[in-house]
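Engineer: This structure is in structure tokens; I'll ask about it shortly.
FYI, it's all coordinate maths here, none of it is from the lab. Remember, predicted model here, so these are calculated numbers, not experimental data. Backbone-built Cβ (ideal geometry, glycine too); neighbour counts: all protein chains shown.
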Amino acid sequence: MEKTKIGFVGSGVAAQLHARNLKLFPEVEISAFCDISEKIAQSLAKEFGGKTYQKYDEMIKKEKLDAVYICTPPTIRIEPIEMASERGLPIFLEKPLATTLEEGKKIVRAVEKAGVNFQIGYQSRFQPAVKRARDIIANGSMGLITTFYGEYWADLPAAPWWSHRAEGGGQVIEQATHIFDLARFLMGDVDSVFSKFDYSIHKNVKDFDVEDSAITILSFKSGVKGCITNTCNYWGTRAFVEGRVVGSEASMIVKPFDVEVLIFKKLKLPQPWWAVRPPGPEHLENNLIDGYYNEDRVFIDSIVQKDKSRLVDALEACKTLALTTAAYKSSKTKSEVKVDSNIL
Ligand SMILES: NC(=O)c1ccc[n+]([C@@H]2O[C@H](COP(=O)([O-])OP(=O)(O)OC[C@H]3O[C@@H](n4cnc5c(N)ncnc54)[C@H](O)[C@@H]3O)[C@@H](O)[C@H]2O)c1
């Protein structure tokens, strides 16, 4: 059987995570790792096989690849994407699509023009628990949905580029993008946002110019009202990421990183209600199926089966980028900002 040959552009944390999954797929061969740091590329090649390169153009030209994984910091995107697209290579790109909407739109145009398969790394969308939550919201059993509340509370990522806005884009655009994307996935598109960003904790730290925390009010096109808070100063044992949805017949907690969905159904409680201990929530899903594994599986299948239908494509990624960049703009202008829906 002819193997599907993969080349990595960027060989850091995210690349390692995907390489681990790809190694489990018998029909996949990792052909090459590229990184500006030879040492980093070599360390992954030692673990997973493949040649090493320091320049992605060389790797893309020399290797007979069937697809590329682009796992570079968020400002290093457009050139490898255009190069791969021009050669008709399917692309897996780690989130976020870009750090500016202008570049995001450029990527959408390049990928759509070439017609290549494209998958963005929003792994939560590939967790059965999250899909189940979305189906329940869509089937109407929660009644009239009024409210979404999301949290992305984490500590500082180790990557050296992360704390520089010019290199990473800031927490909302780079990291909390996961919860903004979840909000869109569950509730639909957002019409406008009003955000306040705070820079106080690291204000005297050299080379640190991204927000420490932020709060964003979201007005969804459906009429649902929402709020997202995020911080990179949460010293829990792991990131705390949750979405809460309130409907007239039930409320729900979606924990995309813990792969869990809880539902609280409306009850007819005896009066006075505060004297009653209501039954706990119903656990709808609590499984350990890994979204990263699933998104890789779907991407590889899309190449072999020539079927784009299950991919989270560049246009979808750009709609989330339009939302997070609107939040950033709102924090700067101190005003409500309309989310750009004119992507193409
Ligand atoms: N979906 C997720 O949960 C998840 C998790 C981790 C990272 N990510 C995303 O993956 C991307 C990379 O993050 P990371 O944590 O792996 O960062 P990292 O710093 O660990 O890895 C990035 C690598 O890219 C290399 N690089 C930089 N410029 C390059 C170039 N021009 N050519 C080739 N290589 C180059 C760097 O040397 C570095 O080794 C980011 O966009 C991040 O948001 C997503």
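Engineer: Just name the residue that is nearest to F92 (Cα to Cα) out of those in region 44-59 that are surrounded by fewer than 17 Cβ atoms within 10 Å (Cβ to Cβ) and in contact with an Asp or Glu (Cβ under 9 Å, 6 or more places away or on another chain).
Structural biologist: D57
Engineer: Let me ask something else. Restrict the check to region 219-233 and report whether at least one residue is touching a strand residue (DSSP E or B) at 6+ places or on another chain (Cβ under 8 Å), within 21 Å of Q123 (Cβ to Cβ) and not β-branched (V, I, T).
Structural biologist: Yes, region 219-233 contains a residue that is touching a strand residue (DSSP E or B) at 6+ places or on another chain (Cβ under 8 Å), within 21 Å of Q123 (Cβ to Cβ) and not β-branched (V, I, T).
Engineer: Residues in region 1-18: is at least one of a type in the set (S, T, N, Q), in a loop (DSSP other than H, G, I, E, B) and within 24 Å of the chain's Cα centre (by Cα)?
Structural biologist: yes
Engineer: Let me ask something additional. Condition first: more than 16 Å from the ligand (Cβ to nearest atom) and hydrophobic (A, V, I, L, M, F, W, C). Now tell me which residues in region 1-39 satisfy that.
Structural biologist: M1, L24, F25, V28
Listed here are the residues, each with its yes/no results for (1) assigned to a helix (DSSP H, G or I); (2) of a type outside the set (V, I, T); (3) surrounded by fewer than 24 Cβ atoms within 10 Å (Cβ to Cβ).
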| position | (1), (2), (3) |
| --- | --- |
| I173 | yes, no, no |
| F180 | yes, yes, no |
| K196 | no, yes, yes |
| I201 | no, no, yes |
| V205 | no, no, yes |
| D209 | no, yes, yes |
| C227 | no, yes, yes |
| G236 | no, yes, yes |
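Engineer: Please identify the pairs in which a residue from region 54-83 that is in a loop (DSSP other than H, G, I, E, B) has its Cβ atom under 7 Å from the Cβ atom of a residue that is within 12 Å of the ligand (Cβ to nearest atom) and of a type in the set (S, T, Y), counting only partners at least 6 apart or on another chain.
Structural biologist: Final answer for the pair search is P74/T99; T75/T99.
Engineer: If you don't mind, there's one more thing I want to ask. Give the number of residues within region 90-106 that are over 18 Å from E295 (Cβ atoms) and either within 14 Å of the ligand (Cβ to nearest atom) or not in a helix (DSSP H, G or I) (or both).
Structural biologist: The number of residues fulfilling the criteria is 5.
Engineer: Would region 169-186 turn up any residue that is away from the ligand (no atom under 16 Å from the Cβ) and farther than 13 Å from L323 by Cα?
Structural biologist: yes
Engineer: Another question, if that's okay. Within the set of pairs 6 or more residues apart or between chains, which connect a residue that is touching a residue at least 24 places away in the same chain (Cβ under 8 Å) inside region 122-145 to a residue that is polar (S, T, N, Q) with Cβ atoms less than 6 Å apart?
Structural biologist: Close Cβ pairs (under 6 Å, with a partner that is polar (S, T, N, Q)) amount to F126/N294; V130/S124; G143/S248; L144/S248.
Engineer: Return yes or no: is D155 surrounded by fewer than 16 Cβ atoms within 10 Å (Cβ to Cβ), within 30 Å of I215 (Cβ to Cβ) and within 16 Å of the ligand (Cβ to nearest atom)?
Structural biologist: On the way: surrounded by fewer than 16 Cβ atoms within 10 Å (Cβ to Cβ): yes; within 30 Å of I215 (Cβ to Cβ): yes; within 16 Å of the ligand (Cβ to nearest atom): yes.
The answer is yes for D155.
Engineer: Please work out which one of (1) buried (at least 16 other Cβ atoms within 10 Å of the Cβ); (2) over 24 Å from E242 (Cα atoms); (3) within 12 Å of the ligand (Cβ to nearest atom) is the condition A114 fails and give its number.
Structural biologist: In the conditions (1) buried (at least 16 other Cβ atoms within 10 Å of the Cβ); (2) over 24 Å from E242 (Cα atoms); (3) within 12 Å of the ligand (Cβ to nearest atom), A114 misses (3) alone.
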